[in-house]
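Enquirer: For reference, the structure I am asking about is given below.
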Amino acid sequence: MATPPVAGAGLSSGPFPGQQGQAAQEVNTASLCRIGQETVQDIVFRTMEIFQLLRNMQLPNGVSYHASTHQDRLGKLQEHLRQLSVLFRKLRLVYDKCNENCGGLDPVPTEQLIPYMEEDSSKHDDRSTNQFRCAREERREVMEVNKKLKQKNQQLKQIMDQLRNLIWEINAMLAMRN
């Protein structure tokens, strides 16, 4: 999972040093987001490798272990941690660059990004108003039905309690008679 270098991350993005500024302008926000996604995947992968190394490391609890193996694993762990630190710095650079690119944009409401089949906005407004009205009326009806249902459940619970008490009393009288 190798990620391409980010422009401005200290690596030259073109074959010549003079092209670095031009290449940095060519990197759009979508490709930065893709680079950021790949970086996050690399971070997760490296973190899983670190946990795998830690799980395989044996603690010195009286069991004999080889110092060379321990030093080798410790070196691998330190290298993974260093690479993880580099990946987090790279992710921070990508995040800052994306925020810089999107800083001047006005946020567009999500509803405006959805294309509609109809071009006549008054038809759409009437239709959505009618849908909203119908949905509101349906919700009110559902609330009323739920309220009535709760009342009926309460009445049934009271009847069940009365029947339970009656059965209890009948069983008590039968037990006394015997």
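Enquirer: Quickly run through the range 126-139 and pick out the residues that are basic (Lys, Arg) and more than 33 Å from the chain's Cα centre (by Cα). I'd like the intermediate steps shown before the answer.
Expert: Filtering the range 126-139 down to residues basic (Lys, Arg) leaves 127, 133, 136, 139.
Listed by number, the residues that qualify are Arg127, Arg133.
Enquirer: Moving on to the next point. From the list Ser85, Ser12, Ser64, pick out the single residue that is at pLDDT 90 or above, small (Gly, Ala, Ser) and either at negative phi or surrounded by 12 or more Cβ atoms within 10 Å (Cβ to Cβ) (or both).
Expert: Ser85
Enquirer: Need the failing condition index for Arg55 against (1) surrounded by 13 or more Cβ atoms within 10 Å (Cβ to Cβ); (2) under 28 Å from the mean Cα position of the chain (by Cα); (3) modelled with pLDDT of 80 or more, just the number.
Expert: Exception for Arg55: condition (1).
Enquirer: Here's something else I'd like to know. Taking the residues in the range 15-43 that are closer than 21 Å to Leu87 by Cα and of a type in the set (Gly, Ala, Ser) as candidates, determine which candidate is modelled with the highest pLDDT.
Expert: The residue in question is Gly36.
Enquirer: Can you run down the residue pairs with Cβ atoms below 7 Å, 6 or more apart or on separate chains, where the first is in the range 139-164 and surrounded by 10 or more Cβ atoms within 10 Å (Cβ to Cβ) and the partner is not hydrophobic (A, V, I, L, M, F, W, C)?
Expert: The qualifying pairs do not exist here.
Enquirer: Taking the conditions exactly as written (modelled with pLDDT of 85 or more, in a helix (DSSP H, G or I) and either in contact with a Lys or Arg (Cβ under 7 Å, 6 or more places away or on another chain) or more than 26 Å from Glu79 (Cβ to Cβ) (or both)), does Arg46 satisfy them or not?
Expert: No.
Residues are listed down the side, and each one gets a yes or a no for (1) modelled with pLDDT of 90 or more; (2) assigned to a loop (DSSP other than H, G, I, E, B); (3) in contact with a Leu (Cβ under 8 Å, 6 or more places away or on another chain); (4) of a type in the set (Lys, Arg):
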{"residue": "Leu74", "(1), (2), (3), (4)": "no, no, no, no"}
{"residue": "Leu81", "(1), (2), (3), (4)": "yes, no, no, no"}
{"residue": "Val108", "(1), (2), (3), (4)": "no, yes, no, no"}
{"residue": "Glu118", "(1), (2), (3), (4)": "no, yes, no, no"}
{"residue": "Asn130", "(1), (2), (3), (4)": "no, no, no, no"}
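The values are calculated or read from the model by the stated rules, or taken from the named source; none is laboratory data. Since this is a predicted model, take the numbers as computed values, not measurements. Cβ atoms come from the backbone with ideal geometry, glycine included; neighbour counts cover every protein chain shown.
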